[in-house]
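Accompanying notes for the structure given below.
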2 protein chains.
Amino acid sequence: MTTTGLTNDVSLDVVADLAAQLRVDSIRSSTSAGSGHPTSSMSAADLLAVLVSRHLRYDWEDPRSPLNDHLIFSKGHASPLLYAVFKAVGVVSEDELINGYRRFGQRLEGHPTPVLPWVDVATGSLGQGLPDGVGVALAGRYLERLPYRVWVLCGDSEMAEGSIWEALDKASYYKLSNLIAILDVNRLGQRGATDLGWDTAAYAERAMAFGARTIEIDGHDLSVIDHAFVEAASHVAGDKPTLIIAKTIKGKGFSEVENALDWHGKPFPPDMADRAIAELGGVRSLVIRGAHPQPAEPGPVLQHPSTLPQQPGDAPQPSKEPPIYKTGEKVATRKAYGDALVALGARDPKVVALDGEVSNSTYAYEFARAFPERYFEMFIAEQQMIAAATGLAVRGYKSFASTFAAFFTRAYDFIRMGAVSGVDLRLVGSHAGVEIGADGPSQMALEDLAMMRAVHGSTVLYPADGTSTAALVAAMAETPGISYMRTTRGSYPGLYAHGEAFPVGGSKTLRSGPTDQVTLIGAGVTLHECLRAADLLTADGIAARVIDCYSVKPIDVGALTAAVVDTAGRIVVAEDHHPEGGLGAAVADALLEAGQRDFRLTRLAVREMPGSGTGAELLAWAGVDAEHIADAARQLTKSP
Amino acid sequence: MTTTGLTNDVSLDVVADLAAQLRVDSIRSSTSAGSGHPTSSMSAADLLAVLVSRHLRYDWEDPRSPLNDHLIFSKGHASPLLYAVFKAVGVVSEDELINGYRRFGQRLEGHPTPVLPWVDVATGSLGQGLPDGVGVALAGRYLERLPYRVWVLCGDSEMAEGSIWEALDKASYYKLSNLIAILDVNRLGQRGATDLGWDTAAYAERAMAFGARTIEIDGHDLSVIDHAFVEAASHVAGDKPTLIIAKTIKGKGFSEVENALDWHGKPFPPDMADRAIAELGGVRSLVIRGAHPQPAEPGPVLQHPSTLPQQPGDAPQPSKEPPIYKTGEKVATRKAYGDALVALGARDPKVVALDGEVSNSTYAYEFARAFPERYFEMFIAEQQMIAAATGLAVRGYKSFASTFAAFFTRAYDFIRMGAVSGVDLRLVGSHAGVEIGADGPSQMALEDLAMMRAVHGSTVLYPADGTSTAALVAAMAETPGISYMRTTRGSYPGLYAHGEAFPVGGSKTLRSGPTDQVTLIGAGVTLHECLRAADLLTADGIAARVIDCYSVKPIDVGALTAAVVDTAGRIVVAEDHHPEGGLGAAVADALLEAGQRDFRLTRLAVREMPGSGTGAELLAWAGVDAEHIADAARQLTKSP
């Protein structure tokens, strides 16, 4: 193994050799695996060779160093190139590269994931790496205030994703000059030419209109590439993100496939691979590293553009104490979220918040006023909101992102990929269900619990009062993975005394007695309906247990099975959600999983398309209000 | 009631009066309802007054006329304005406007839905009306070839949604000069100023870069507005969409709230409403209609830009006969989708297809080659793909939209809103689950069944062989609402003879006998594992029933309950999906709903985060392969 250089003065001749090595290794790994994207790697090999050897500041022995630059492959399918880079800097062995790629139990997955310590975020769903990079760059510029740069390799096909434009919009709004995107315009997508082909000027026009600096280059001229990176880096002190638009050739370096259709996502058969490697000058074993980052202290605090002006009522020193709500006093759980987030922010400087231009509805604006430097307004760009939360989480911040619960559907792919990235994200959706009333179905989350439960490793919470909300917001800060809290528009009476514990995975039994004949299970708004139903049933002489299932996932199996045993297997679940995948499904799943058989479960849910109305009218119309719950309980108690 | 004009030569003086009426009525309806967005309506009132009285060609007595222009409120929260327009053209009464808005059981919902015959699509989740309009305009230009125009009112806040830029990108790519978007730049979002404020030049620069013609105007100067509409309409023969960028004032017409923060989404209290109405000159009852559309015949067929070049193998006359697959012969269900779609397209000229730049993987490209004029390439823009499918459905086309199953998560908000719109959409997701193998988790749909089941009124299908796939593709063409088919990457043996029926809501029992001790339930790839497990169990002397649950929603309750009765309540379900909300949940839900209690259900699903590997390795790793299914069945048969 030849170590040619460990500084950033690697000559362009050596870089050319490195570029050939990256191509050869991209071919070797994908041919060995029998799948992968060699041609999409070869188009960007020159860009990466110059970047890694002469511009990226990275301590490969210490990937967790806060001073390191970041390198994100938004075109995640170019993983052969990324892994070839990892071999070239000496952190992945020849054996792992060739025999580990895309193999079961190995870490060189088909698309990069943070199973590898040098990978920040999982990519492979296109149009996500750049938005994620915006989040990392926000942390670098405004929170860590460190001089690292965020380099993002984008593919030209993914420029069709709206999320790319959300990212450039926010990158320019937030003056993220530390973000340098490199667009590999190889003209060809999976099944043919891209929308804009090699019209690099069109990309430049769009990106400039969105506030980026652009540099158009020949992506195979090493000297030109080098100058572009110098220029991009020289503007890091400025106030615009940079997009380097590189015209490239797909499959560059192997004449049989250069610029050819039908070579997307296909490894070369061994004989072709041999010819390609020969054409590229054979296998090499260069190890070349660029410069380490220089030691640096955090720079001055910069006020960012979404900072809210101070208001007369703003406390200069927000209290670290969790908010206190009296039992019986009406409060909206969304308000409790805002209150609790402020207290959490006062206790933990790593807590940051984002919102999609509805912070006065979600109450995230309370945090924005208390900690303007840690609040990032994402306007109505939910995909970018989740991506920015992801990027901030990469840098160790505890991101809370809020919008109307319904609008998290807009970002489901980003949430799913957040789980693949292994980041901790705290999502809070307000205005859920038909309870919101007059605004109508477009604003009513009725799929959110199903969607969030299905995310790997997720936690789903749905508190019913201020005290439990505040406790669970604090719990979310310590919860790994994707955690989601559903809050409610309306104000409802406090149920719990301050200081009560609400463990994730727990529940609260609010009514119970030795003569309970039926159990009523609710969460959020339907818990209040269950309590009212219990009162109605008391008048009929029927004692009902009432359980607050504030933790929908994980769910309190013990309390549920006890209820089955104690109340003759009679269970009513009411939820302000479609019948599939929500609270009722969670209860059914848990009881069956626990081996319970002797129960009868009546599931009340929103089964028709709602319109407008008052919350009370719609809860009644959907059949999830107290009267319907009581009716269902009466039916159950009539049979043995 | 005064009918001032029934042609499009309404004078601008009268238009000014109409604009005042629209403002006054927006105030009256929202104040009466106690909620709504009067100020967001008032900013656009002048634009709508000019449009409706002098430019929109619409037969208000015949909203289904194919010649009518289309009017879409992408800023759906301006519903008071839209409903005021409906009063002004005489189709909604004064009483309905004032007493019906946002009330339970009424059709003037908080955000517009097609419950109203003059509304094409539900809006209210921002950034969707313009993409939907692209679909309508595609139909108008390339399929119906009629001279109608698609007018879309956009808000400035929603320009932050990436989907808007997906829409403009596709509108310019497809040369949709029949699409005229009107951007109401009132500067203020819900919680403060927008990203770009009144910088109309910035919007213009962005839209031009995305290929639109732009016209910047004062949105309160009736004469200027009128000229802009004339100019926009005069370019309908051209090849670019138009964006009219109107600088407006939020709350325009009522001095107390003009351009003021904190008046978003708030009705005026009655005393303020009285002052506003007085300032606006009082209540009016003008009825003003513009011109009817002129009779027209479809124009010449235009070749659109995504038309694939003819290939040597392309049949000039694709067969109308469904494809035939032999039992035992291996075929991928995604391939069967392509084959069946071609046959369907040959039988039904209303069938159209769209894909997100992966048509060679989903096999939609077979349709693209057979019917290039009915195939619309959406590149990697899944949100726009669903929106275009929605717009095409508005015009009566049977849209099939395909991509990798995982990437439908990108468009969940659009799918959800499609259900609110009441359109029929056929979605086909390929490459589902860990079965795809080497590409890794970013490409593995493991939440899609949960997500799609939770959509109101949806149908979810997951066939296991070519014959059933082909039959179900044909069934989807006749299925109302959102229907979703999950297809599989790999090829598996044909199970069914040609001609067998596969009703939606049905199932197939592939193995059964009088001594069945356990039932194995699978769908798609796991059905093949269930069959293999049954063979393994036979070797152990255990007879197993095997059910193909190809219809996940609705599910075949009869077959499931019969299995419970016949096989001593022993059920194993295996699915290539997360445990929440998928096939196992559907089976559990159905059995409980049917009152079954005496069953034991073992649910095998993907419970950890997968990596790369072969499909077989990953199915085994996840515990959903034949060996694990057989083990689970053995466990169940050990207990009574």
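The values are calculated or read from the model by the stated rules, or taken from the named source; none is laboratory data. Fair warning: this is a prediction, and the values are worked out from it, not measured in the lab. Reconstructed Cβ throughout: ideal geometry from the backbone, glycine too, with neighbour counts over all protein chains shown. The accessibility values were calculated without ligands, DNA or RNA, using every heavy atom of the protein model including side chains. Shrake-Rupley method; radii C 1.70, N 1.55, O 1.52, S 1.80 Å.
Numbers below:
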{"quantity": "Test for B:Arg145: is it charged (D, E, K, R), on the phi < 0 side of the Ramachandran plot and more than 13 Å from chain A (Cβ to nearest Cβ)", "calculated": "no"}
{"quantity": "Flag if A:Ala336 is at pLDDT 95 or above, away from chain B (no Cβ under 13 Å), touching a Ser or Thr at 6+ places or on another chain (Cβ under 6 Å) and under 19 Å from A:Ala470 (Cβ atoms)", "calculated": "yes"}
{"quantity": "Residue within the range A:488-496 that is open to solvent by 10 Å² or more (accessible area, probe 1.4 Å), over 23 Å from the mean Cα position of the chain (by Cα) and of a type in the set (Ser, Thr, Tyr) present", "calculated": "yes"}
{"quantity": "Among the candidates A:Glu580, A:Glu617, residue that is acidic (Asp, Glu), touching a residue at least 12 places away in the same chain (Cβ under 8 Å), within 7 Å of another protein chain (Cβ to nearest Cβ) and surrounded by fewer than 23 Cβ atoms within 10 Å (Cβ to Cβ)", "calculated": "A:Glu617"}
{"quantity": "Lone unmet requirement of (1) open to solvent by 10 Å² or more (accessible area, probe 1.4 Å); (2) within 20 Å of B:Ile482 (Cα to Cα) for B:Val428", "calculated": "(1)"}
{"quantity": "Candidates A:Ser35, A:Ser30, A:Ser53, filtered to the one that is of a type in the set (Ser, Thr, Tyr), within 21 Å of A:Glu258 (Cα to Cα) and not in a loop (DSSP other than H, G, I, E, B)", "calculated": "A:Ser30"}
{"quantity": "Extreme residue, farthest from the other protein chains (Cβ to nearest Cβ), among residues of the range B:182-199 that are open to solvent by less than 20 Å² (accessible area, probe 1.4 Å) and more than 28 Å from the chain's Cα centre (by Cα)", "calculated": "B:Asn186"}
{"quantity": "Residue among A:Asp69, A:Asp46 that alone is in contact (Cβ under 8 Å) with a residue 24 or more places away in the chain and more than 29 Å from the chain's Cα centre (by Cα)", "calculated": "A:Asp46"}
{"quantity": "Which listed residue, of A:Tyr173, A:Tyr203, is within 11 Å of another protein chain (Cβ to nearest Cβ), within 21 Å of A:Ile72 (Cβ to Cβ) and in contact with a Phe, Trp or Tyr (Cβ under 9 Å, 6 or more places away or on another chain)", "calculated": "A:Tyr173"}
{"quantity": "Tally, over the range B:336-360, of residues that are open to solvent by 10 Å² or more (accessible area, probe 1.4 Å), charged (D, E, K, R) and farther than 16 Å from B:Asp314 by Cα", "calculated": "3"}
{"quantity": "Exclusive hit being at the interface with chain A (Cβ under 9 Å from one of its Cβ atoms) and either surrounded by fewer than 24 Cβ atoms within 10 Å (Cβ to Cβ) or charged (D, E, K, R) (or both), set B:Glu373, B:Glu377, B:Glu366", "calculated": "B:Glu377"}
{"quantity": "Selection count where residues are in contact (Cβ under 8 Å) with a residue 40 or more places away in the chain, surrounded by fewer than 23 Cβ atoms within 10 Å (Cβ to Cβ) and either in a loop (DSSP other than H, G, I, E, B) or under 36 Å from the mean Cα position of the chain (by Cα) (or both), scope the range A:557-576", "calculated": "2"}
{"quantity": "Among (1) outside any loop (DSSP other than H, G, I, E, B); (2) without any contact (Cβ under 8 Å) to a residue 40 or more places away in the chain; (3) within 21 Å of B:Ala343 (Cα to Cα); (4) of a type outside the set (D, E, K, R), the one test that B:Leu510 misses", "calculated": "(3)"}
{"quantity": "Selected residue (criterion: surrounded by the fewest Cβ atoms within 10 Å (Cβ to Cβ)) from residues of the range B:103-120 that are within 16 Å of the chain's Cα centre (by Cα), more than 8 Å from every other protein chain (Cβ to nearest Cβ) and of a type outside the set (A, V, I, L, M)", "calculated": "B:Pro114"}
{"quantity": "Residue in the range B:464-474 that is farther than 23 Å from B:Ala332 by Cβ, open to solvent by less than 10 Å² (accessible area, probe 1.4 Å) and not in a loop (DSSP other than H, G, I, E, B) present", "calculated": "no"}
{"quantity": "Filter result for A:Ala438 (more than 7 Å from chain B (Cβ to nearest Cβ), at pLDDT 95 or above and either open to solvent by 10 Å² or more (accessible area, probe 1.4 Å) or part of a helix (DSSP H, G or I) (or both))", "calculated": "no"}
{"quantity": "Top-ranked residue in the range A:394-421 [being open to solvent by 10 Å² or more (accessible area, probe 1.4 Å) and at the interface with chain B (Cβ under 7 Å from one of its Cβ atoms); ranked as nearest to B:Arg191 (Cα to Cα)]", "calculated": "A:Phe407"}
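Let's see how each residue does on (1) out of contact with any strand residue (DSSP E or B) (no Cβ under 9 Å at 6 or more places or on another chain); (2) within 30 Å of B:Thr39 (Cβ to Cβ):
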position: B:Pro270; (1), (2): yes, yes
position: B:Val287; (1), (2): no, yes
position: B:Ala296; (1), (2): yes, no
position: B:Lys320; (1), (2): yes, no
position: B:Pro349; (1), (2): yes, no
position: B:Asp355; (1), (2): no, no
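Okay, residues lined up against (1) touching a residue at least 60 places away in the same chain (Cβ under 8 Å); (2) surrounded by fewer than 24 Cβ atoms within 10 Å (Cβ to Cβ):
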{"site": "B:Gly135", "(1), (2)": "yes, no"}
{"site": "B:Ala139", "(1), (2)": "yes, no"}
{"site": "B:Tyr142", "(1), (2)": "yes, yes"}
{"site": "B:Trp151", "(1), (2)": "yes, no"}
{"site": "B:Met159", "(1), (2)": "no, no"}
{"site": "B:Leu168", "(1), (2)": "yes, no"}
{"site": "B:Tyr173", "(1), (2)": "yes, yes"}
